[in-house]
Structure formats: structure tokens, C-alpha cells
Amino acid sequence: MTAWLKELWSPEKIANRLRLDYPDDLTIRVSHEAIYQSLYVQGRGELSRELARCLRSGRAKRRPQGRGKKSGPVANIVMISERPAEVEDRCMPGHWEGDLIIGKSGASAVGTLVERTTRFVLLLHLEGDHGALAVEAAMRKAIATLPKELMRSVTWDQGSEMASHLNFTIATGVPVYFCDPHSP
């Protein structure tokens, strides 16, 4: 049995060692990522537990390996449970639900605001940018066309596009409420 099996080498060490032992044979080279994927895809049941014991982390599932910058949750949010009761029964117009629809590969986006009583829809034009500042500006522009009585509150999910919700509330006087996580 080879040393790397006995000593429980990491996939990185195995990949590097194969390069050193077989420098001229490109068919024997494999990336550490390919080894990880093979371990996690092939393992089922007892085999999965045995493979996990051989890995340094001892995990049977791989942690996500995202490449992008992760942002934290939106700050200073007011939860949906704190909305006035009149919002829930849909008897008074002016309470809106918003969402962001992102196109293929994030190349385009459209914001939506749907009035809960009448189901009237406002589309937010987001040309090229669907970050927090662009969404806030588009929301301000869209509601500027409405009578004040038709703009009482907005409910949105906890997406990063609403990071500027406080600026929106201060500028317009319209409170923004947020859905519970994983329950938009």
C-alpha cells in the first residue's frame, strides 16, 4: 500500500506528490479539487463515513467554496411580525411587497413592487446595476408617481439589494419590513 493511503494524506498532498513522482506523465496528474469531488460524490452510507474519517476535517459533506465576496445580513431590519395588522388583512391599499428578479448570469435585473390589495404592479428599471443604491433610487423614482395614501409600507426579503432601506425610509417616510429568513 502506498504511503499516502497509510498516512491519510490530504488531497492537496496527493495531487502534489503525483506531480513529483511522475513529472513526465501528464495522464497521472489530478487536481486536489477532482479528488475532493470524487470522494464526496461517490461516498454513500458506510462508504461515506469511512471516507470522511480519512479526511482531516472529518466531514462527509464539502463546505461551499464560493469565490465571491460574501456580505452579511442587512443591518437594522424591522421584521414582518412588526407590521401593522391592517397589512395582513389586505383591506387598506398602500402596502407593497417587493422583490428582485435577476436575469441569466446576473446580467440584468428588474425590481417589482406589488400592491397587496389591488395587485397593481410597479416595475423598477435597473439598468446594469442591481445593487442597494440602484434599487433604492429606482424605488424612490417609482413611488414618486403615486399618491401618498398609496404608499404606506414595503415588505421585502432579506436580500443585499435592500442594504439601503434606511435611506429609503428616511427620504420617503415609508417603512420597510423584512420577511423571515428562508420564508420570502
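In the condition set (1) in a loop (DSSP other than H, G, I, E, B); (2) in the same structural domain as residue 87 (by TED's automatic domain parsing), residue 138 is compliant with all but (1). Within the range 90-125, being on the phi > 0 side of the Ramachandran plot and exposed (fewer than 14 other Cβ atoms within 10 Å of the Cβ) holds for 90, 105, 106, 119.
Within the range 102-127, which residues are of a type in the set (Gly, Ala, Ser) and farther than 22 Å from residue 74 by Cβ? Across the range 102-127, the qualifying residues are 103, 105, 107, 108.
Among the residues of the range 81-90, is any at pLDDT below 95, farther than 21 Å from residue 169 by Cβ and in contact with a Lys or Arg (Cβ under 6 Å, 6 or more places away or on another chain)? There is at least one residue in the range 81-90 that is at pLDDT below 95, farther than 21 Å from residue 169 by Cβ and in contact with a Lys or Arg (Cβ under 6 Å, 6 or more places away or on another chain).
Among the numbered conditions (1) of a type outside the set (A, V, I, L, M, F, W, C); (2) under 21 Å from residue 118 (Cβ atoms); (3) surrounded by fewer than 19 Cβ atoms within 10 Å (Cβ to Cβ); (4) touching a residue at least 40 places away in the same chain (Cβ under 8 Å), the only one that residue 172 does not meet is (4).
The values are calculated or read from the model by the stated rules, or taken from the named source; none is laboratory data. On a predicted model such as this, the values are computed, not experimentally measured, just so you know. Note: ideal-geometry Cβ built from the backbone for every residue, glycine included; neighbour counts use all protein chains shown.
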